[in-house]
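The values are calculated or read from the model by the stated rules, or taken from the named source; none is laboratory data. Since this is a predicted model, take the numbers as computed values, not measurements. Methodologically, a virtual Cβ is constructed for each residue, glycine included, from the backbone with ideal geometry; neighbour enumeration extends over all protein chains shown. Note: accessible area is taken over every heavy atom of the protein model, side chains too, but ligands, DNA and RNA are not part of it. Shrake-Rupley method; radii C 1.70, N 1.55, O 1.52, S 1.80 Å.
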Amino acid sequence: MNQLKLSILDLLKEDARLSAATIATMLGAAEADVTSAIAEMEQEHVIVKYATVVNWSKVSDETVTALIEVECTPERGRGFESIAERIYLYPEVKSVFLMSGAYDLCVEIEGKNLKEVASFVSNKLSTIESVISTKTFFILKKYKQDGIVFEEFEDDHRMPVSP
């Protein structure tokens, strides 16, 4: 991948709303070259989607997010691919990652409440024949996601007092 495309990706990662004209100006490139490079990267699925990072806790506290460690048996010939595919097809699933370490897959899901997440784990995920065990961790608060800090905290400038 050439330097122009890498630079475009860096800029779009920070702000997907940038126009080709703005990117061209920022990089000192021709707008036609930027437009062409973006179109190529979209066609090649290097750029998969333009997304907005939302701090949902500012909008609503009604959704519950959980990370689930999944230990599973890989399938002959396909490894973890088919089990990951079976899991990511559920609409509740937001992300699936193949991991190294004590478990095989990390699954991120969202539900309306704790009961809905628990139901997904017990009725759908844990019943898959390749799944050996699961451990569910509920996300209580997000401080940073995708490199974006959600809330800036002021430093406490008070001096400690000792007796």
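Please work out if D15 is open to solvent by 60 Å² or more (accessible area, probe 1.4 Å) and modelled with pLDDT under 95.
no
Please go through the range 95-111 and pick out each residue that is part of a loop (DSSP other than H, G, I, E, B) and buried (at least 18 other Cβ atoms within 10 Å of the Cβ).
Within the range 95-111, D104 is the sole residue that qualifies.
Any chance you could count how many residues in the range 55-65 are open to solvent by 70 Å² or more (accessible area, probe 1.4 Å), out of contact with any Ser or Thr (no Cβ under 9 Å at 6 or more places or on another chain) and among the hydrophobic types (A, V, I, L, M, F, W, C)?
Total satisfying the criteria: 1.
Taking into account only those residues within the range 1-12 that are assigned to a helix (DSSP H, G or I), touching a residue at least 24 places away in the same chain (Cβ under 8 Å) and farther than 22 Å from I148 by Cβ, which is least open to solvent (accessible area, probe 1.4 Å)?
For the range 1-12, the residue satisfying everything is K5.
Can you pull out every residue in the range 108-132 that is within 30 Å of R76 (Cβ to Cβ) and of a type in the set (K, R)?
Hit for the range 108-132 is K124, nothing else.
Might you check whether a residue that is in contact with a Lys or Arg (Cβ under 8 Å, 6 or more places away or on another chain), closer than 20 Å to F137 by Cα and assigned to a helix (DSSP H, G or I) occurs anywhere in the range 27-46?
Scanning the range 27-46, I find no residue that is in contact with a Lys or Arg (Cβ under 8 Å, 6 or more places away or on another chain), closer than 20 Å to F137 by Cα and assigned to a helix (DSSP H, G or I), so the answer is no.
How many residues does the range 124-163 hold that are in a loop (DSSP other than H, G, I, E, B) and at pLDDT 75 or above?
Residues in the range 124-163 being in a loop (DSSP other than H, G, I, E, B) and at pLDDT 75 or above: 14 in total.
When the residues of the range 23-54 are filtered to those that are among the small types (G, A, S) and either without any contact (Cβ under 8 Å) to a residue 12 or more places away in the chain or touching a Ser or Thr at 6+ places or on another chain (Cβ under 6 Å) (or both), which remaining residue is surrounded by the fewest Cβ atoms within 10 Å (Cβ to Cβ)?
G28
Every residue in the range 78-94 that is open to solvent by 60 Å² or more (accessible area, probe 1.4 Å), closer than 18 Å to V117 by Cα and not in a strand (DSSP E or B), please.
R86, Y88, L89, P91
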